[in-house]
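Just so it is clear, none of the values below were taken in a lab; they were calculated from the coordinates. Treat the numbers as computed from the prediction; the structure is a model and nothing was measured. Cβ sites come from the backbone with ideal geometry, for glycine too, and all protein chains shown count toward neighbours.
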Amino acid sequence: MFIKKRIFYYYFTELYKNYILNMANPLYSKPLRFSNISQGHDMGTQDLGASISQYIELIIFTRYGEHRYNPEFGCEIWDMDFELIQSETIWEEKLRQSLLNAIKSFEKRIYDIDVNVHISEINKFYPLRNVSEIKKHVEITINGKLNKTGERYRFSTALFLSPLSA
């Protein structure tokens, strides 16, 4: 009887371990709606590509030192925001390297990562206020491959930085 229980216990724990290891972990979408849980509904989920995109956005929009438990998390764009740009090429390369290092360090679901950054200036005039604003327009494109399937992955976003008014 003792041996049967032991064999059953071993079999059950192995099944449970395999179930946990092979079970697809749900990828929750932002924003998290905790009210759904209190109402008995499931939280919204998303596919792997969308989850990676949201995490890359989080890396881009987090300033170094902003994350309490990992001050290395984030990227340098917010430290470079109000820098006087001597050379757009150097600025783009500095930001590209910062993003590449952050993505390689913190987003382990993609590999063969290529980051492209392009900066331009946009001058917008507001005639009612008689104000002109010059903004840096930063286009970021990230290409890579998904670890899980080897499929190509692409992320693209654009930001406006440093509103200078004249």
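Structure values in brief
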quantity: Per-residue HN-Hα couplings for the stretch 58-66 [Karplus 6.51, -1.76, 1.60; θ = phi - 60°; Hz; x = Gly/Pro]; calculated: 4, 4, 5, 8, 9, 7, 3, x, 6
quantity: Where labels lie 7 Å past Cα in the beta-carbon direction, separation of Thr89 and Asp47 in nm; calculated: 3.9 nm
quantity: The stretch 45-165, relative contact order in percent, only Cα pairs under 8 angstrom and at least six apart counted; calculated: 19 percent
quantity: Residue-by-residue Karplus 3J(HN,Hα) for the stretch 104-118, coefficients 6.51, -1.76, 1.60, Hz, glycine and proline x; calculated: 5, 6, 10, 10, 8, 8, 10, 9, 6, 7, 10, 10, 10, 10, 9
quantity: Distance from the stretch 38-52 to the stretch 106-152 (C-alpha centre basis), Å; calculated: 25 Å
quantity: Gain in span if fully extended, Glu57 to Asn101, counting 0.36 nm per residue against the direct Cα distance; calculated: 14.4 nm
quantity: Pairwise label distance in nanometres, Ile113 with Asn25, each label 7 Å out on the Cα-Cβ vector; calculated: 1.7 nm
quantity: Sequence-distant residues sharing a close amide H with Arg33 (under 5 Å, placed H); calculated: Gly44
quantity: Karplus-derived HN-Hα couplings along the stretch 31-36 (A = 6.51, B = -1.76, C = 1.60, θ = phi - 60°), whole Hz, x at Gly and Pro; calculated: x, 6, 10, 6, 5, 4
quantity: Residues with amide H under 5 Å from that of Ile110, placed H, sequence gap 5 or more; calculated: Asn147
